[in-house]
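One structure is given below, encoded as structure tokens.
The values are calculated or read from the model by the stated rules, or taken from the named source; none is laboratory data. Quantities reported herein were computed from a predicted structural model and do not represent experimental measurements. Cβ sites come from the backbone with ideal geometry, for glycine too, and all protein chains shown count toward neighbours.
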Amino acid sequence: MGGQQSAPIPATHTLGKIYLKHRFTYWARHGVKGPNYVSVRALRQKFVDISSEKSRKYGRLYGSYMFTNKWLTINEPELIRDIAVKDFHTFPNKYDMNYGKTYITSSLFLMKGDHNWRRVRSVVTPAFTTGKLISMMASIEGIADQFVVTLNTFAKNGETIDMCKYFSAFAMDVISACAYGINVESINNPNHPIVVNAKKILSVNSNLNYAVSALLPPIARLLRLEPFNTNAIKFFDSLVKDIVNERKISTNEGKKRLDFIQLMIDSERHDRNFDSNNKNKKVIQNSAENSNKKTIKSLSDTELTAQGFTFFIAGYDTTSASLSHVVYYLSQNKDKQQILREELNALDTD
């Protein structure tokens with residue numbers, strides 16, 4: 001036994017060093033500035049602070065590493081525009097992340113750039129035309145008016161309030177109305193099921209499952225981690241299905257709501273009417289290669305739920321944070337308040 005020798009460990013060590021050196025010199029080999037290492041200190045910093053620090057050090061375009069993943073950060077507006085528009089066909093997919101078994105991967109913003117993505121995009125895009133957005137303004141204005149009444153009450157009493165908290169409630173109310181046609185009034189109903197479950201999904205900062213899913217997707221999938229609260233996901237899934245079923249059997253056109261779900265239902269009805277009015281369906285099928293091709297534009301219940309929840313992901317925190325910053329800077333620059341009043345009064349047609 002004493003004559004036996006084992007060499008796998010040194011060999012494995014050497015191969016590991018070669019692999020890591022090759023991996024962490026990727027950007028340098030391609031002439032891109034950036035660190036050639038993974039900073040353990042960065043794991044304790046805020047992402048925005050890390051990005052700002054690296055931008056100052058390496059410029060507007062730099063390469064970095066998150067574990068063994070390669071990241072290219074771009075802060076050039078024109079280049080970003082080209083990537084997102086002109087050269088979109090080359091960059092169709094988002095950053096890989098583990099989303100578990102939830103329906104959220106059916107969201108337009110998270111789907112892979114294949115034919116399913118194109119189909120969903122063709123259905124969802126018309127909902128964001130100027131005319132459709134204007135049709136939702138009545139709901140938004142009603143919520144805004146109520147919001148002003150609430151703020152006036154605090155102002156008359158001379159109370160100091162957390163504006164971020166109330167802007168969050170305002171954003172929640174607007175999104176709930178525009179996406180689902182539901183009047184939540186979260187300022188007065190903080191325990192409303194939509195408010196409670198939306199916050200469960202959006203509050204992921206301290207969620208270890210989410211961190212592993214975002215930074216180490218393969219390991220997260222291997223461990224079958226769920227980055228989002230599954231009970232909250234199920235709530236929204238059930239909510240959308242109930243709303244869709246209720247509206248599909250409704251025949252009262254006079255009380256039709258003007259929200260995202262209704263626009264999707266109307267789109268589906270339009271396509272079904274198109275099909276029922278064309279007796280020779282073979283003609284439609286055979287025209288798949290010409291410009292008269294008619295694609296069935298409808299979403300499954302799962303896809304519809306995912307698109308609706310995208311409103312929360314994309315609009316909740318961004319809206320409340322933006323409005324909070326606006327009022328903060330206005331409070332610090334009182335000379336600009338009168339200018340803003342005059343501009344708003346000029347737009348007021350009532």
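Brief remarks on what is shown
- Answer residue from the range 147-161, given it is touching a helix residue (DSSP H, G or I) at 6+ places or on another chain (Cβ under 9 Å) and not aromatic (F, W, Y) and is surrounded by the fewest Cβ atoms within 10 Å (Cβ to Cβ) among those: T160
- The lone exception for D242 - which of (1) within 21 Å of the chain's Cα centre (by Cα); (2) surrounded by fewer than 18 Cβ atoms within 10 Å (Cβ to Cβ); (3) closer than 23 Å to S106 by Cβ; (4) not hydroxyl-bearing (S, T, Y) it fails: (1)
- Cross-chain or 6+ apart pairs with Cβ under 6 Å, the range 150-164 first and assigned to a loop (DSSP other than H, G, I, E, B), then surrounded by 10 or more Cβ atoms within 10 Å (Cβ to Cβ): I161/F154
- Taken over the range 297-350, the criterion of being among the basic types (K, R) and part of a helix (DSSP H, G or I) is satisfied by K336, R341.
- Candidates K165, K70: the one that is surrounded by 12 or more Cβ atoms within 10 Å (Cβ to Cβ), in the same structural domain as T319 (by TED's automatic domain parsing) and touching a helix residue (DSSP H, G or I) at 6+ places or on another chain (Cβ under 9 Å) is K165.
- Test: residue in the range 80-90 that is touching a strand residue (DSSP E or B) at 6+ places or on another chain (Cβ under 9 Å) and either modelled with pLDDT of 85 or more or of a type in the set (A, V, I, L, M) (or both): yes
- Identification of helices (runs of 4 or more DSSP H) wholly contained in the range 33-133 with 1 or more residues that are over 28 Å from F235 (Cβ atoms), touching a residue at least 12 places away in the same chain (Cβ under 8 Å) and of a type in the set (D, E, K, R) yields 47-58.
- From I182, I187, I161, residue being in contact with a Ser or Thr (Cβ under 8 Å, 6 or more places away or on another chain) and either of a type in the set (D, E) or farther than 26 Å from V244 by Cβ (or both): I187
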